[in-house]
1. For the range 68-81, state whether one or more residues are at pLDDT 90 or above, within 23 Å of residue 150 (Cα to Cα) and either surrounded by 15 or more Cβ atoms within 10 Å (Cβ to Cβ) or in contact with a helix residue (DSSP H, G or I) (Cβ under 8 Å, 6 or more places away or on another chain) (or both).
2. Scan the range 95-127 residue by residue and report those that are more than 23 Å from residue 155 (Cβ to Cβ) and touching a residue at least 40 places away in the same chain (Cβ under 8 Å).
3. Here is a list: 139, 130, 195. Which entry is within 21 Å of residue 89 (Cβ to Cβ), in contact (Cβ under 8 Å) with a residue 12 or more places away in the chain and surrounded by 15 or more Cβ atoms within 10 Å (Cβ to Cβ)?
4. Can you find a residue in the range 154-167 that is closer than 30 Å to residue 37 by Cβ, under 18 Å from the mean Cα position of the chain (by Cα) and assigned by TED's automatic domain parsing to the domain that holds residue 86?
5. Pick from 123, 161: which is farther than 30 Å from residue 20 by Cβ, at pLDDT 90 or above and either surrounded by 15 or more Cβ atoms within 10 Å (Cβ to Cβ) or out of contact with any helix residue (DSSP H, G or I) (no Cβ under 9 Å at 6 or more places or on another chain) (or both)?
6. Quick one: what pairs do we get from the range 31-46, first residue under 12 Å from residue 5 (Cα atoms), second assigned to a loop (DSSP other than H, G, I, E, B) and modelled with pLDDT under 90, C-beta under 8 Å, 6+ apart or different chains?
7. With (1) farther than 19 Å from residue 21 by Cβ; (2) surrounded by 12 or more Cβ atoms within 10 Å (Cβ to Cβ); (3) within 16 Å of the chain's Cα centre (by Cα) as the list, and residue 107 as the residue in question, which single condition is left unmet?
């Protein structure tokens with residue numbers, strides 16, 4: 001059964017011979033095939049049949065190789081970056097409105113957000129998981145540079161906010177009680193974890209996208 005897998009990978013290698021990340025792609029595909037075979041064998045499918053089913057699901061290796069030769073769309077990257085920036089613009093708008101207006105709905109929104117800050121942080125973490133997952137699923141291993149670049153540009157507002165908060169560039173009272181010392185610590189920890197979370201989600205996305 002190993003021969004079937006190696007023949008498939010050899011054809012894929014021919015289709016990827018000019019790709020600068022050929023070895024990474026082949027390793028990802030090989031791992032995906034092995035995992036798929038093991039999963040099917042666990043439910044009683046014979047090894048040969050499991051191998052044939054997994055390779056059939058993967059599709060023609062030449063067509064699969066062609067899909068990796070297509071450069072990732074920068075439009076997707078821009079959309080993901082702007083989505084995170086939009087979160088901060090909305091937060092800035094609510095903060096300014098809370099301090100410089102008397103709209104009841106703004107006050108209610110600020111109070112609600114203050115009581116749900118930890119839940120909001122958890123939900124916000126899902127954005128970074130979604131970022132890595134969607135790029136991995138759509139572009140596979142060839143999206144590695146794209147996910148790194150997207151995360152760098154998308155995290156600029158996070159870095160700026162963390163800097164002005166930790167170094168008290170803007171009085172912390174402006175964000176009170178939304179940003180209290182305990183919550184700030186959670187935010188710093190979460191910001192550090194965003195990168196590995198996105199990278200893990202990227203690898204999971206590759207698996208589900210193949």
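1. yes
2. Once the filter is applied, which keeps residues that are more than 23 Å from residue 155 (Cβ to Cβ) and touching a residue at least 40 places away in the same chain (Cβ under 8 Å), the range 95-127 yields 99, 110, 114.
3. After ruling out the rest, the residue left standing is 130.
4. No, the conditions are met nowhere in the range 154-167.
5. Just one listed residue meets the conditions, 123.
6. If the second residue must be assigned to a loop (DSSP other than H, G, I, E, B) and modelled with pLDDT under 90, the pairs left are 32/210; 37/1.
7. (3)
The values are calculated or read from the model by the stated rules, or taken from the named source; none is laboratory data. Note that the coordinates shown come from a computational prediction; the quantities given were computed from them, not determined experimentally. A quick note on method: Cβ atoms are made from the backbone with ideal geometry, for glycine too, and the neighbour counts reach across all protein chains shown.
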